Amino acid sequence: MIILGAVAGILIPLASAQEPARKPMRDVVTHDDIVEAARQAKDQAPLPVFKPLEGEDPSVVNRPKDLLSRSDIFSYLGQATLVPKKAVLHFPKELESRGGLKEQSKFIPWIDFYAANRSWIRTVAVSRAQAEGREPMDEDTVKSFAKEKRLVVATYQEGPISVNRYEDPATKTAAVPGKAPAVPTSTAAKP
């Protein structure tokens, strides 16, 4: 049964015998409550156990060489830029004079160098899996390099990236220690 109240000629429900009782309001969590809960969680969580690595220290063994030895350099009209080794997928003989660092060249970022030299540089976007050598590059794209008169550079998210050669997992053999990984089959002679 609903009891109605009237205010200015409008009926308003006041109470219902069948309505459930409302839940009481709860307190808001304070900063101190959150800090205390975090402290208790920290006390209850066990500390992680780290095992020391056996063998040589990878931070010492894998210390990177200098930047220039890990890069290919291109120079043209007084400007130069760096790209990672194995980022050049095709280097035509006609452009060999633009490889390497020339005297009086000023280094500029890749994006600026590419913008100024798009007429003789072509970029090919690759996926991360292709760059890592886990997926092959599109066969038609690789074949197009043979006819290309421009320098071809692999890019990932608009920046140059090294591309490892794809090896089919079915025919993959164990790597020979001491030998460098092979370059992509589409790579021509580099400067």
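Could you check the range 80-119 and list, in sequence order, the residues that are free of Cβ contacts under 8 Å to residues at least 40 places away in the same chain, over 25 Å from the mean Cα position of the chain (by Cα) and closer than 20 Å to PHE145 by Cα? Passing the criteria: SER97, SER119. Only one entry in ASP112, ASP140 is closer than 14 Å to PRO160 by Cβ and out of contact with any Phe, Trp or Tyr (no Cβ under 7 Å at 6 or more places or on another chain), namely ASP112.
So which of SER144, SER119, SER97 ends up being at pLDDT 90 or above, open to solvent by 30 Å² or more (accessible area, probe 1.4 Å) and assigned to a loop (DSSP other than H, G, I, E, B)? Result: SER119 is the single residue among SER144, SER119, SER97 that is at pLDDT 90 or above, open to solvent by 30 Å² or more (accessible area, probe 1.4 Å) and assigned to a loop (DSSP other than H, G, I, E, B). Taking GLU139 as the residue in question, decide whether it is farther than 18 Å from LYS85 by Cα and open to solvent by 30 Å² or more (accessible area, probe 1.4 Å). Criteria met by GLU139.
The values are calculated or read from the model by the stated rules, or taken from the named source; none is laboratory data. Here the structure is a predicted model, which means the values were calculated and not measured. Cβ sites come from the backbone with ideal geometry, for glycine too, and all protein chains shown count toward neighbours. Please note that ligands, DNA and RNA were not included when accessible areas were found on the heavy atoms of the full protein model with its side chains. Shrake-Rupley method; radii C 1.70, N 1.55, O 1.52, S 1.80 Å.
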